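In what follows, a structure is listed as structure tokens, so that the remarks can point back to it.
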Amino acid sequence: MNKYEELFNKQKSYFNTNVTRSYEWRLEQLDRMERMLKENDKAFFEAMGNDFRTSVGEQVQEWGGCFGSIEHTRAELKNWMKPTPVALPKFLTNSGHKGTIYRDPYGVTLIIGPFNGPIVLLLLPAVTALSAGNTVVLKTNIDTPATGTLLAELVAKYFEPEVLTTVSGDIEVVTALLQIPFNFIFFTGSTRVGKIIMKAAAENLTPVLLELGGQNPVLIDQTANIPDAARKVVWGATTWAGQFCASPGYAYVHESVVAEFVEEAKKALVEMYGTDPKNNPEFSKIINAKAVKRLAALIDPEKVIAGGQSDEEARYMAPTLLYPISWDDQIMREEIFGPILPILTYSDINEAYQKMQQTERPLTTYIFSRDEKTIKLIMNGLTFGGGAVNQVNAQLFISTLPFGGVGNAGMGQYYSVNGFNNLTHAKSVLTSPADVAIDHLIPPYTKEKIEALAEWSKF
């Protein structure tokens, strides 16, 4: 027997008692999650410091990222759980029938977390799953061992294992977990691994929610506030050392303002991290030496206008600006996932739009502009997971805005009611009075019965 089947069966048996369907049970899990985080803040900060050298601000955002979602869910959960009446054909309504949609929890949920966001990108999905009435198995990431060890210890302290538990280990562990017929799988990570997860889930016809990534564009037109845009985009591309799924992947700047943007971007780098980012505690490490090597190989030294240095042993990749970059450059062929910002130029907005439209659908898209027509063209015309106007990254910090990708960037959403709905099944029920029949459905079929079939389309 797969050694994780016992864990799965324990949670499945618990789920089948129906205790998780109650409003009170779900509130209790939210309270436990909140207490676990608040009562162990220093331990979480220390673990993150061991896994990443992140700034205090990044640590607080990582640790505190669940609180808004917990509070919002707590306030709205009772409404989300209410059965929803739906319209029926008039003849059914007149004869006393009722149609209702119930939000039905899936059951035992597997949540596989990434190395970036080792707390928030595990616990936010867990908040969603638990509030929806599911039990949860959390798979921590081997590249963040300190955080994973702490989560294992604290989850065991604050939750019963049949409700929420953790599993750690390498690819063999993930492979073993994917052989189990979980009722739902939630994965955050790369597109490549997302395809593997989805293929494995298909063997058991398990529904999935995939939060993946992509090369996220930032379009900056000639009407933009260039100093403001440069500062925000540089921050977005380098916070957490660029290891953030919604980070700007490239800046696509109108040729008339690109010189100003380049100068303001270089200025912003120095203002944020000084002249020695390597020794600046405000700048994060890369997750491991292998990732540093990959990032360094993407850089064309002739295009470096700021940064470019790397140190595999120190897990350091300098915050880097590349210009001028073309679509044919190697850096544009894959998601960067590091503190490197390629800068491209365009001359005509329609041509720029068409080029962006031809690329893989990204997780996020950003635009800096004062032109409402251009903003509408990009925000309404392109397909992407989510985005922002005259801002980057910040949309992910708002618990009422759904988060999720499309195409290579993923499928499904979480946050707020969208997450609740994705982690539950819309169970439709038609209720008939005990003494009312729909006679025209039952043979023998007379002319009157055939004519009565038209009533099904009258609402």
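The values are calculated or read from the model by the stated rules, or taken from the named source; none is laboratory data. All values reported here derive from a predicted model rather than from experimental measurement. Methodologically, a virtual Cβ is constructed for each residue, glycine included, from the backbone with ideal geometry; neighbour enumeration extends over all protein chains shown.
Contact map, the range 421-439: first residue surrounded by fewer than 11 Cβ atoms within 10 Å (Cβ to Cβ), second residue small (Gly, Ala, Ser) and at pLDDT 95 or above, Cβ cut-off under 6 Å, separation 6 or more or different chains; pairs are 433/96.
The C-beta contact set for the range 371-394 (first residue in contact (Cβ under 8 Å) with a residue 40 or more places away in the chain and in the same structural domain as residue 236 (by TED's automatic domain parsing), second residue surrounded by fewer than 14 Cβ atoms within 10 Å (Cβ to Cβ) and β-branched (Val, Ile, Thr), distance under 6 angstrom, 6+ apart or interchain) is empty. Looking only at residues of the range 26-37 that are in contact (Cβ under 8 Å) with a residue 12 or more places away in the chain and farther than 11 Å from residue 154 by Cβ, we find that the one that is surrounded by the fewest Cβ atoms within 10 Å (Cβ to Cβ) is 27.
If you check 429, 392 for being in contact with a Pro (Cβ under 9 Å, 6 or more places away or on another chain), outside any loop (DSSP other than H, G, I, E, B) and more than 20 Å from residue 124 (Cα to Cα), only one passes: 429. How about the range 203-228: which of its residues are part of a helix (DSSP H, G or I) and either within 24 Å of the chain's Cα centre (by Cα) or of a type outside the set (A, V, I, L, M) (or both)? Scanning the range 203-228 gives 203, 227, 228. Within the range 170-183, restricting attention to residues that are modelled with pLDDT of 95 or more and not in a helix (DSSP H, G or I), the residue that is surrounded by the fewest Cβ atoms within 10 Å (Cβ to Cβ) is 179.
So that you can scan it fast, the table gives a plain yes or no per residue for (1) over 22 Å from the mean Cα position of the chain (by Cα); (2) assigned to a loop (DSSP other than H, G, I, E, B); (3) loosely packed, with under 15 Cβ neighbours inside 10 Å:
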position	(1), (2), (3)
148	no, no, no
154	yes, no, no
162	yes, yes, no
185	no, no, no
194	no, no, no
201	no, no, no
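Within the range 290-330, track down each residue that is small (Gly, Ala, Ser) and either surrounded by fewer than 13 Cβ atoms within 10 Å (Cβ to Cβ) or in contact with a strand residue (DSSP E or B) (Cβ under 9 Å, 6 or more places away or on another chain) (or both). Steps first, please.
Keep residues of the range 290-330 that are small (Gly, Ala, Ser), which gives 291, 296-297, 306-308, 310, 314, 318, 326.
Within the range 290-330, 291, 296, 297, 306, 307, 308, 310, 318, 326 qualify.
Looking at residue 387, is it assigned to a loop (DSSP other than H, G, I, E, B) and of a type in the set (Gly, Ala, Ser)? So residue 387 fails the test.
Considering the range 360-373 alone, what residues qualify as being in a loop (DSSP other than H, G, I, E, B) and surrounded by 17 or more Cβ atoms within 10 Å (Cβ to Cβ)?
361, 362, 363, 369
Just name the residue that is farthest from residue 131 (Cα to Cα) out of those in the range 41-84 that are in a loop (DSSP other than H, G, I, E, B) and among the hydrophobic types (A, V, I, L, M, F, W, C). Going through the qualifying residues, I end up with 52.
Is there a residue being part of a helix (DSSP H, G or I), at pLDDT 95 or above and touching a Leu at 6+ places or on another chain (Cβ under 8 Å) anywhere in the range 239-248? Checking the range 239-248: not a single residue is part of a helix (DSSP H, G or I), at pLDDT 95 or above and touching a Leu at 6+ places or on another chain (Cβ under 8 Å). Being assigned to a loop (DSSP other than H, G, I, E, B) and not aliphatic (A, V, I, L, M) is the filter here, so list the residues in the range 399-426 that pass it. Within the range 399-426, 399, 400, 402, 404, 405, 412, 413, 415 meet the criteria.
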